[in-house]
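To start, the structure itself, in structure tokens.
The values are calculated or read from the model by the stated rules, or taken from the named source; none is laboratory data. Bear in mind that the values here come from a model prediction, so they are computed numbers and not experimental data. No Cβ is skipped: glycine too gets one built from the backbone with ideal geometry, and neighbour counts run over all protein chains shown. To get the accessible areas, we keep the full protein, side chains included, count just its heavy atoms, and leave off ligands, DNA and RNA. Shrake-Rupley method; radii C 1.70, N 1.55, O 1.52, S 1.80 Å.
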Amino acid sequence: MNSPSEHSSHIPREYEIKHSKWLRKMLHAYLVVVIVHFFVQIACYLFLKYDRAPLDFIVNVLFWPTALAVFCILLTSYMDRKFPSCSFYTMSVTSTVIAWTIIHVNYDIRIMPAICLLPIFASVLFFDKRRVWFICSLQMAAYGLLLIDPAYREYLSSFDMVSIPVFLILATFVAQIIVTSGVEVLDDLQTSMNAKEDLIVRNAIIAKQSKTDGLTNLYNQSSFKDYYEKAFEYANLGMSLHLALIDIDDFKVINDTYGHRVGDIILEKVSLIIQESITASDIAARYGGEEFALLMFEQSFEQAYDLVELIRQKISLMGHLELEGSSITVSIGLKGYNLDVSKDKLFEDVDACLYAAKRTGKNKTVTSLVPA
């Protein structure tokens with residue numbers, strides 16, 4: 001039996017999990033075979049010429065073969081539940097016992113030895129060459145044991161004695177070819193699935209990159225406009241909506257004095273404060289340069305005002321080593337949706353509030369309700 005590591009190189013995990021399910025289905029199939037054999041024997045005894053005494057027929061044709069087969073099936077079922085790691089081997093023994101018991105009972109039917117091929121080809125389901133050879137060795141062993149019976153040995157010709165094991169070996173080679181082909185198909189499927197998963201991940205990354213700003217990890221301007229338009233549609237249906245524009249004060253001075261790399265660091269820090277402060281239903285975006293846009297949903301105007309004020313205060317209280325310990329400030333414009341304004345007019349009003357905050361001293365929030 002291959003180790004899990006050997007299996008994982010060829011067999012997808014889901015196939016390994018299904019092995020127990022396949023074993024149970026095979027058990028049911030063998031039980032059907034035993035039941036069918038039982039009733040076929042009775043029919044043959046009743047309606048065909050059958051040169052066995054009634055007691056001999058009942059004991060040696062019906063009872064013992066059926067009892068042995070049912071016992072093996074029950075034992076395998078128990079082992080599959082209690083010791084699943086051994087269930088393949090108990091199933092292999094069970095299938096071999098059933099096949100060769102039927103062959104022994106019906107040794108005068110020349111086609112009957114073909115039943116021993118069922119366990120061999122059933123092992124193909126497990127995509128393991130060692131398991132195929134293990135099943136083959138069991139068939140050989142069962143054939144050797146059957147040769148001990150003089151009645152069976154006497155029935156076989158010299159050609160039969162040689163051809164049966166050759167037949168088993170050839171069938172095993174065919175089963176191995178099937179296993180090899182199946183493993184190659186599974187490898188191709190696994191490769192295809194991996195490629196598809198990589199493509200899905202890559203597309204997801206590209207989709208995310210197309211929607212977000214690479215520096216701040218907030219939504220970009222294009223995405224914000226899409227969300228803003230959709231949010232305005234919901235607002236027209238009665239949902240609460242507030243729009244805020246946040247601009248870093250004197251950002252050009254920071255870039256000119258400390259360089260654009262420091263400016264980028266400041267943008268990252270401001271965006272992080274915004275992300276940490278907003279709720280899960282809010283949408284924040286880098287609208288352009290040092291300006292951020294914020295959509296707030298299902299809040300009162302006072303709650304929206306408190307939220308942007310919290311953002312403003314956090315930013316103003318934070319010192320920055322990159323700026324020699326100095327802090328920065330932001331100006332904010334805020335306004336809530338109402339039925340009298342269009343989405344363009346709302347944005348213009350909020351932009352005007354932001355401009356008023358800049359013009360009247362910076363580091364403040366100006367709203368439609370608070371005079372500048």
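Brief remarks follow.
- Within the set [x] 49; [y] 60; [z] 67, the number that percent of Cα pairs over 26 Å apart takes when calculated for this structure is listed as [z].
- Computed extension length for Leu317-Cys44: 88.5 nm, one decimal, from 0.36 nm per residue of separation with the Cα-Cα distance subtracted.
- Using alpha-carbon coordinates, inclination of helix 221-236 to the longest axis of the chain, degrees: 90
- Counted by Cβ distance under 14 Å from Tyr234, the other residues give a net charge of -3, where Lys and Arg count +1 and Asp and Glu count -1.
- For the chain, the longest principal axis of the Cα atoms and the long axis of helix 64-82 meet at an angle of about 20 degrees.
- Cα centroid of the stretch 219-269 to Cα centroid of the stretch 69-92, whole Å: 66
- Highest-fluctuation residue, Ser157, Ser240, Ser137 considered, GNM on the chain with Cα pairs under 10 Å: Ser157
- Two-site FRET efficiency, Glu324 against Asp250, from Cβ-Cβ distance with R₀ of 22 Å, rounded to 0.05: 0.90
- Label reach from Glu298 (point 7 Å along Cα→C-beta): in the stretch 263-284, amide nitrogens under 14 Å belong to 279-283.
- Relative contact order, whole percent, for the chain stands at 12, derived from Cα pairs under 8 Å and 6 or more residues apart.
- Computed FRET value (nearest 0.05) for Leu272 with Thr191, which takes r as the C-beta separation and R₀ as 30 Å: 0.15
- Using a simple spin-label model with pseudo-atoms 7 Å out from Cα toward Cβ, Leu55 and Thr360 lie 11.7 nm apart.
- With 10 Å bins from 0: P(r) over the stretch 62-212, alpha-carbon pairs, percent: 10, 29, 26, 14, 8, 6, 4, 2, 0
- Neighbourhood charge, 11 Å Cβ-Cβ cut-off, centred on Ala195 and excluding it, Lys, Arg +1 and Asp, Glu -1: -1
- With 5 Å bins beginning at zero, the pair-distance distribution over Cα atoms of the stretch 259-372 amounts to 2, 11, 21, 25, 21, 12, 6, 2, 1, 0 %.
- Sequence of Lys196, Lys345 when ordered by accessible area, the most exposed leading, probe 1.4 angstrom: Lys196, Lys345
- Between Lys25 and Asp108, the simple spin-label model (points 7 angstrom out along Cα→Cβ) gives 3.8 nm.
- Accessible area per residue, Å², the chain with all protein chains present, probe 1.4 Å: 55
- Label point of Lys211 set 7 angstrom out along Cα-Cβ; within the stretch 275-311, amide nitrogens under 19 Å from it belong to 275-276, 278-288, 293-297.
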